[in-house]
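Each remark here refers to the structure printed beneath this line.
The values are calculated or read from the model by the stated rules, or taken from the named source; none is laboratory data. Remember, predicted model here, so these are calculated numbers, not experimental data. We place every Cβ from the backbone using ideal geometry, glycine too, and count neighbours over all the protein chains shown.
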Amino acid sequence: MPETYRGSVRIDAPPSLVFAHFTRADLLAAWMGDGADVDPRPDGRFVLYINGGPIAGRYVEVVPDERVVITWGRQGSHDFPPGASTLDVRLRADGDGTIVDIEHSGLPGTEAGQHELGWKHYLSRLAVAATGSDPGPDPWASALPPAAVPHSDR
């Protein structure tokens, strides 16, 4: 039976800046992964190069500064293919910061624990990157050569 991970983090940055970290390839890669190729509009592509394997899916809903919904799965995986799960990101203004609530649903049991650990790790990196600071090298990232990782900002 599919499982769901829910997490939340408060970030000392406005919703518009946090939103960009889910829709701009360069900012997405700054906190999660080695690179990205994204087209943030309904049915637009979402490819994130993370830990050497692409995560792929589509943007389902994009509401500037409020919500991003993305299908999610591992390219080349039989058990967790692209689009197999759904990531729902909601942003709420909180003073001069933002509360980020995520719900990652449809996770196969074999992926649920790994995604729980991953989201805790990456949300803490997002909290640093979205303030304009450098979260430093991701200890979980693979070392793909720059030419192997596309960076798109469409």
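Values for this structure:
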{"item": "Test: residue in the range 64-85 that is polar (S, T, N, Q), closer than 20 Å to V128 by Cα and part of a strand (DSSP E or B)", "result": "no"}
{"item": "Whichever residue in the range 9-31 is over 18 Å from R67 (Cα atoms) and aliphatic (A, V, I, L, M) and, among such residues, is surrounded by the most Cβ atoms within 10 Å (Cβ to Cβ)", "result": "A29"}
{"item": "Residues of the range 31-42 classified as within 20 Å of L117 (Cβ to Cβ) and either without any contact (Cβ under 8 Å) to a residue 60 or more places away in the chain or outside any loop (DSSP other than H, G, I, E, B) (or both), total", "result": "1"}
{"item": "Flag for A56 being closer than 24 Å to V128 by Cα, out of contact with any Lys or Arg (no Cβ under 6 Å at 6 or more places or on another chain) and of a type in the set (G, A, S)", "result": "no"}
{"item": "Given (1) modelled with pLDDT of 95 or more; (2) farther than 25 Å from R41 by Cβ, number of the condition D79 does not satisfy", "result": "(1)"}
{"item": "Matching entry among D39, D65 (being touching a helix residue (DSSP H, G or I) at 6+ places or on another chain (Cβ under 6 Å) and surrounded by fewer than 21 Cβ atoms within 10 Å (Cβ to Cβ))", "result": "D65"}
